[in-house]
Amino acid sequence: MSYKQTMALTIAGSDSGGGAGIQADLKTFQELNVYGMSAITAVTAQNTTGVQGVYPVEVEGILQQIDSIQEDLPPHAIKTGMLFNSEIIEAVAGRLKNYEWKNIVVDPVMIAKGGAPLLLEEAVNSLKEHLLPLAEVITPNIPEAEVLTGMEIKTYEDKINAIKILSSMGPKMVVLKGGHDADDEESVDIVYDGDTITELRTSRIQTKNTHGTGCTFSSAIAAFLAQGKAPMEAVRLAKAFIQAAIEDSLDIGKGHGPTNHWAFNRKNRSRENHS
Ligand SMILES: Nc1ncnc2c1ncn2[C@@H]1O[C@H](COP(=O)(O)OP(=O)(O)O)[C@@H](O)[C@H]1O
Ligand SMILES: Cc1ncc(COP(=O)(O)OP(=O)(O)O)c(N)n1
């Protein structure tokens, strides 16, 4: 019997502390049985307390990584994370277009938890013009959605207006993440496919260990898309994946510990053993 290996590519920055960026993405792919590949856009010196340094990779080096992958290992889904400047964004968008890659998840990473900028201000327009229109799914958090739309997001009505503005920028699906919301009870992500609004609600977990939640969530969406799941189903499954990863997050380091990438499978295995 032949077996088709599912493959996904992350185009993102490296987090030396292993909780976010490329490292979180590859751990997520691995846990979801997807062969993971990477094109590194920047190296960060980072740990659970914050970002100590950012070193962007030369554009030529980024494109060569992408070309090497396309030549030999074409991916079934792609996730983009930290892209840092407009030159990198435009070069990456050019390749995504030329290679006609499908199942693109854009996580519009802007600022790390401790406040360090992971995207220069000059790059916001490039992100909007060149990358968002290529995306199957985009996953802004509330501060990122505010920057992309230029509006303040406080009320439910603001969220819906912002989602519709983001949708008009060209992605097929917008997921406005609720991790930064003031709601104490639930973390609600709002999904819009250009037609229907769907709310995905989970109980808010009280923990300081949420480093890498956005990266893990978006790479889980990419992994499920690579497996052939429909976008809405991919987002629902990714929400379950991140919920388990936060519930069982790792209390390591002096700051915000990382999420636990193997929690989802452990939870599912234990459910199967008890049924
Ligand atoms: N404390 C929490 N409890 C439950 N879910 C959370 C919590 N914090 C974040 N999430 C979920 O994690 C995912 C990433 O959201 P968010 O933290 O807003 O992203 P980012 O890391 O980009 O800021 C979303 O699905 C969000 O609902
Ligand atoms: C290299 C790198 N890329 C992205 C991020 C942001 O990750 P995120 O999942 O949003 O997590 P926090 O920074 O909020 O913990 C990053 N920190 N580093």
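The values are calculated or read from the model by the stated rules, or taken from the named source; none is laboratory data. Note that the structure is a prediction, hence the values are computed from the model and not measured. No Cβ is skipped: glycine too gets one built from the backbone with ideal geometry, and neighbour counts run over all protein chains shown.
The residue of the stretch 92-138 that is nearest to residue 48 (Cα to Cα), among those that are part of a strand (DSSP E or B) and among the β-branched types (Val, Ile, Thr), is 111. The residue that is nearest to residue 80 (Cα to Cα), among those in the stretch 203-224 that are within 18 Å of the chain's Cα centre (by Cα) and more than 15 Å from ligand 2 (Cβ to nearest atom), is 223. Filtering 189, 251 for residues that are farther than 23 Å from residue 108 by Cα, within 16 Å of ligand 2 (Cβ to nearest atom) and of a type in the set (Asp, Glu) leaves a single hit, 251. Counting only residues that are away from ligand 2 (no atom under 12 Å from the Cβ), within 24 Å of residue 68 (Cβ to Cβ) and among the polar types (S, T, N, Q), the stretch 1-56 holds 4 of them. Residue 167 - would you say it is in contact with a Phe, Trp or Tyr (Cβ under 7 Å, 6 or more places away or on another chain), small (Gly, Ala, Ser) and either modelled with pLDDT of 95 or more or closer than 30 Å to residue 248 by Cβ (or both)? Spelling it out, residue 167 is indeed in contact with a Phe, Trp or Tyr (Cβ under 7 Å, 6 or more places away or on another chain), small (Gly, Ala, Ser) and either modelled with pLDDT of 95 or more or closer than 30 Å to residue 248 by Cβ (or both). Only a single criterion out of (1) within 15 Å of residue 13 (Cα to Cα); (2) in a helix (DSSP H, G or I); (3) touching a residue at least 60 places away in the same chain (Cβ under 8 Å) is not satisfied by residue 82, namely (2). Of all residues in the stretch 49-56, none satisfies being under 16 Å from the mean Cα position of the chain (by Cα) and either in contact (Cβ under 8 Å) with a residue 24 or more places away in the chain or part of a strand (DSSP E or B) (or both).
Filter the stretch 87-116 for residues that are within 16 Å of ligand 1 (Cβ to nearest atom) and either within 14 Å of residue 135 (Cα to Cα) or in contact (Cβ under 8 Å) with a residue 40 or more places away in the chain (or both) and give the result. Within the stretch 87-116, 105, 106, 107, 108, 109, 112, 113, 114, 115, 116 meet the criteria. Residues that are out of contact with any Gly (no Cβ under 7 Å at 6 or more places or on another chain) and within 10 Å of residue 203 (Cα to Cα) within the stretch 184-193 comprise 184, 185, 186, listed in sequence order.
Residues of the stretch 164-196 that are touching a helix residue (DSSP H, G or I) at 6+ places or on another chain (Cβ under 8 Å) and either over 24 Å from residue 82 (Cβ atoms) or hydrophobic (A, V, I, L, M, F, W, C) (or both): 165, 166, 169, 173, 174, 175, 176, 190, 191, 192, 193, 194. Of all residues in the stretch 221-275, those being touching a residue at least 24 places away in the same chain (Cβ under 8 Å) and part of a helix (DSSP H, G or I) number 21.
Just one of the listed residues (150, 170) is surrounded by fewer than 18 Cβ atoms within 10 Å (Cβ to Cβ), more than 16 Å from ligand 2 (Cβ to nearest atom), at positive phi and under 20 Å from the mean Cα position of the chain (by Cα), and it is 170. Residues of the stretch 96-113 that are more than 8 Å from ligand 2 (Cβ to nearest atom) and hydrophobic (A, V, I, L, M, F, W, C): 96, 101, 104, 105, 106, 110.
Looking only at residues of the stretch 214-229 that are within 9 Å of ligand 1 (Cβ to nearest atom) and in contact with a strand residue (DSSP E or B) (Cβ under 9 Å, 6 or more places away or on another chain), we find that the one that is nearest to residue 76 (Cα to Cα) is 218.
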